[in-house]
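J.: Submitted below is the structure of interest, expressed as C-alpha cells.
The values are calculated or read from the model by the stated rules, or taken from the named source; none is laboratory data. Just so you know, these numbers come straight off a predicted model, no measurement behind them. Using ideal geometry, Cβ is built from the backbone for each residue, glycine included, and neighbour counts are taken over all protein chains shown.
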Amino acid sequence: MSRPGMAAPRGLLCLLWTLSLWMTSACDDGATRAVERSGSLLEGPFVAVSRELSPESWERLRLGLGVTPETRNAEGNGTFYLALRKKELGQRWFMSAFLKQDTPVDAFGNVVWSMGARVVSFQVQNGKLYAFDVDDTKVRSELFKPDEIIEAWPVITDDATFNRLPGSEDYILFDPAAGLDRLMGMDDLGSTYDAGFEVELAFARRFRKLDTGIAFEKLVTGHAQPYIAEAYVPPRVTATLALELKRYQEGAGFTTPPAPPLTHYFLSKPRLIPNSGLLTQEVPIKWNIRPGMKPIAWVISDTLVKVQQDPRYRGYDIIGAVKRGVEHWNEAFGFQALSVRVARQGESLGDLDLNSIFFDPDPSYTSARADFRANPNTGEILGANVYLPIAWLDVAVAGGEAEPVMPEAGVASRPRLELSWNGMTPERLCELDASEALAGAAAPVVAGLAETLPPLTPKERVERIFTDVVMHEIGHTLGLRHNFKGSLTFPSSSVMEYTYLPEQAYRGGGVGPYDVSAIRYLYGLSSHLPEEAFCTDDDRWLDVDCNQTDTTSNPLELFYGTAYREKLRATLETGAPPPADALLNSVLQYVRSGRSTQEKLRAWNIATEGLLAPIPPETLAAFPGYGDRADAQSRRILQRLYLDNARTRGLFMSADPQPNSLFTPVLLGQLRGNLLNVDGVRSRATRRTAIDILKKLQTYEAFTLLREARDVVEASLPGLSGQARMDAEDLVSRLVQATSPYFN
C-alpha cells in the first residue's frame, strides 16, 4: 500500500528521468523518440507505443495499401506497438471486430458488418502473444475444456527505447500490425471457401483509449490462393477492420427469460451444459435494459446531414424521421431506454464503442441491415449497428406521393462475397430490400384499408415510411425477429413485418401492439408472452400465410387473388403479359399447402379462372387468341404444380399437391379435359403435360384416365390424316409408354 505523499516524489523522479532523456538527445536519438511516446510513463492494462518505420517499409505500405508518412498522421496516431501489462495474462477480455471496408467493390460492395465478439485471454509462448477463445459455451465437462487460438502477435524484445521506460519490465510489447490475419472468402449463403487469402501487408492505425479498454484499426491486403474457378474470388483483397479489446464484464442484474416455444427472439449460439451428455442451451439475446438506467445512445452518421440539404429531400425532416425511428421504441419499454444524436467530429464509421446508424448516399445497394454483437456466455448485447441506404429514402419519397412513381431498383441482386477474419464472421440480422418493397407495391392497392384512418400529407407519408424502416432495424438490434403475420391486421400489428409499401406510412407512427408485448416479455417488464399472430423467417416454408410484403386478413383471396385475377383477365382478353412467377407461386402455394381442403380448392379456382376445359365457345369467339393464351397458361400452372424444377416453385417448392376429397376430382377432370382436348384449343405440349402428370400421380384413378385417353385417341386415328394423324399417333405412343407399365 502506498503512503500519502509518495505520488509527488514518484512524479518528480519521472520528470527528472524525462528531462535527462531530453538533455542527452544529441547523443541518443532513441531517447528523443521515447520522450515523444505517449505519456512516457507506462500505466494501465494496454499502452500504445509509437514506432518508426524504415523508408523501405513505407514504400511497401504505399504500394500495397496507399499509406504514406504524410497520410498516416491524418488518419490517427501513425504506426505503433502495443504494450500489455503482464498481470493481465490469463484475464478475460472481449475482442470485437467490425469490417469497415473491403475491396474490390464488385465482389464485396463495401457494406459494413459487425463480425461479432469473442471472450479471449492472453498467453505468451515462443516469442508470440496469443489470444485464446475462453468463452464458456464449449466446455463439455470438468475434463474437456477446449482451447482455440484466435490471434497471435509477435512479441518485440529488442526495442531499446521502450526497454528504458520505467516499468517496461512489467509489460509485453507486441506488434498489432502483424498476426495471423486469417482471411477467408464466404458466399452469400455463409459457405466458407477452402482457399483463403494470403495476407501480404498489414498496417495498424487510429489507436484510441476507451474507458475499459482500447480500440484501433487494421488494414490488410493480400491475394487469394489459389484462384477458385467455381465462384468469383478476387485475386487481390484489401480490408479495413475495426478492433476493440475491452475488459470482460457482465451487466449488473442481467437476466434472460427462458427461450419461448415460438422464436420471437434471436437466440444465442448453443452452449454446452457441462457434464450433461452434450445437451445444449440457448437463451434470448438482449441488452441489459432496465428502469433507471442511462439510455443506450445511438449515433447517426453525418452523411445524413449532408443529404438533408439536397433539394430532393429538403422538404422532409429526414433526420427527425430517423430519430423517431429510434425513440418510438421507448413507448414499448415505458421509459427512456434509447437516445439518438448526430455524430460528432472525429467519430468514425465502425467505431465499436458507438452504436451507429450508417446512412449510405450511394444508390448501388438497396438493403437496410442490422447487426449486433453479444457476450457469448450470457447473450447480453454489447453493441449494435444499422445500415440505411439512400435507396430506402428514395422509396419513401416515391411512396409518399399522392400518385407514386416508383424508382427503378438498384443493383441489389449481384452475387456477394464476404470476408471472415480469424474465424469471426459477419453477423446478419436482416436485409430489408427496397427493391423487394417496390416489387410488392406493384400489386394493386386493396380498396378500403385506409378509409378508417385520417389521410396523410405527402410529407407525413415520406417521413413515416423512412421511420418505419428505422424502427424495423432497431427492433432487430433489441433482439426481435421478423413477424410476417403482423400484416394480417391493418395497420400491421408489428414493425418487424416487411410491410406492404402503400400501407407502410400507417405503421410508421409508432411501434405496434405485438412489438410492445414482445419487448416487455423479453426485458422482464411482463410475464406474458405475445398473443398477437406471429411467424418468422423459418416459418415461411411451413405456413402459407407467413409472407413478406402482403396484407389483409385473407391474403389468398383479398391480396394475391385480387392481383392475380386482374393480371390473368388482362392476359386472356387483351394479350397482356401473364402474371409474374412470384405472383403465380403466391397463389399456388395455397394449392400445395393450404390449411384446409376448402382453401386448397379456392386457390385452384383462383389460379385457373377462365382456363378450365371446356372454355365456352362464346368466350373464345369474343376474344381473338383467347384459346391459345388459355392453353399456354393452363400448361404453365400444371407444370408449376407438378413438373417444374423445385427452384421455380417458390417457398413451398418441394411439395406436390396432396390428394384430397375436394381438389383431386377437380384436378383429374381438368387433366382429362386437357388430354382429350374437349374444347379444341389444347396443344400437343399441354396434352403431353397432362400425360406426364397422370403418370406421376401413381393412382388407380389416374391410370384409368390414361387408359381411357389411349383408347379414345387410338379410335380416332382412322378419321385423321396429315399432321393431325401424326400428332395423334405420337400421343398414342406416349400413352402406351405411360400405361405399360403404369405403376413404378
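J.: Can you name the number of the only condition in (1) of a type in the set (S, T, N, Q); (2) at pLDDT 95 or above; (3) under 15 Å from ALA603 (Cβ atoms) that THR536 fails?
T.: THR536 satisfies all of (1) of a type in the set (S, T, N, Q); (2) at pLDDT 95 or above; (3) under 15 Å from ALA603 (Cβ atoms) except (3).
J.: Quick check on the stretch 239-248. Is at least one of its residues exposed (fewer than 14 other Cβ atoms within 10 Å of the Cβ), assigned to a loop (DSSP other than H, G, I, E, B) and either in the same structural domain as ASP353 (by TED's automatic domain parsing) or in contact (Cβ under 8 Å) with a residue 24 or more places away in the chain (or both)?
T.: Taking every residue of the stretch 239-248 in turn, none turns out to be exposed (fewer than 14 other Cβ atoms within 10 Å of the Cβ), assigned to a loop (DSSP other than H, G, I, E, B) and either in the same structural domain as ASP353 (by TED's automatic domain parsing) or in contact (Cβ under 8 Å) with a residue 24 or more places away in the chain (or both).
J.: Got a sec? Which of GLY315, GLY277, GLY346 is part of a loop (DSSP other than H, G, I, E, B) and under 22 Å from LEU393 (Cβ atoms)? Steps first, answer last, please.
T.: On the way: GLY277 fails: under 22 Å from LEU393 (Cβ atoms); GLY346 fails: under 22 Å from LEU393 (Cβ atoms).
Going through GLY315, GLY277, GLY346 in turn, the sole match is GLY315.
J.: Those residues that are small (Gly, Ala, Ser) and without any contact (Cβ under 8 Å) to a residue 12 or more places away in the chain, I need them from the stretch 255-276; list them, please.
T.: Matches in the stretch 255-276: SER276 only.
J.: Of the residues ALA563, ALA576, ALA533, which is among the hydrophobic types (A, V, I, L, M, F, W, C) and outside any loop (DSSP other than H, G, I, E, B)?
T.: ALA563
J.: So, of the residues in the stretch 622-636 that are surrounded by fewer than 19 Cβ atoms within 10 Å (Cβ to Cβ) and among the aliphatic types (A, V, I, L, M), which turns out to be farthest from the chain's Cα centre (by Cα)?
T.: ALA622
J.: Taking the conditions exactly as written (over 20 Å from LEU338 (Cβ atoms) and crowded, with 18+ Cβ neighbours inside 10 Å), does SER493 satisfy them or not? Steps first, please.
T.: On the way: over 20 Å from LEU338 (Cβ atoms): yes; crowded, with 18+ Cβ neighbours inside 10 Å: yes.
Taking the combined requirement at face value, the residue satisfies it.
J.: Inside the stretch 699-744, can you point out the residues that are surrounded by 16 or more Cβ atoms within 10 Å (Cβ to Cβ) and basic (Lys, Arg)?
T.: ARG710, ARG734
J.: Also: LEU620 - would you say it is aliphatic (A, V, I, L, M), within 20 Å of ARG687 (Cβ to Cβ) and assigned to a helix (DSSP H, G or I)?
T.: The answer is yes for LEU620.
J.: Kindly indicate which of GLY669, GLY673 is in contact (Cβ under 8 Å) with a residue 40 or more places away in the chain, surrounded by fewer than 19 Cβ atoms within 10 Å (Cβ to Cβ) and not hydrophobic (A, V, I, L, M, F, W, C).
T.: On the way: GLY669 fails: in contact (Cβ under 8 Å) with a residue 40 or more places away in the chain.
Sole residue among the options that is in contact (Cβ under 8 Å) with a residue 40 or more places away in the chain, surrounded by fewer than 19 Cβ atoms within 10 Å (Cβ to Cβ) and not hydrophobic (A, V, I, L, M, F, W, C): GLY673.
J.: Quick one: which strands (runs of 3 or more DSSP E) sit completely within the stretch 53-136 and have at least 2 residues that are among the small types (Gly, Ala, Ser) and at pLDDT 70 or above? Please lay out each step first, then the result.
T.: Details: elements: 80-85, 93-103, 113-125, 128-133.
Because the criterion is at least 2 residues that are among the small types (Gly, Ala, Ser) and at pLDDT 70 or above, the strands (runs of 3 or more DSSP E) in the stretch 53-136 that meet it are 93-103, 113-125.
J.: A further question follows. Report the residue count in the stretch 695-737 for those that are modelled with pLDDT of 95 or more, assigned to a helix (DSSP H, G or I) and at positive phi.
T.: Residues meeting the conditions: 0.
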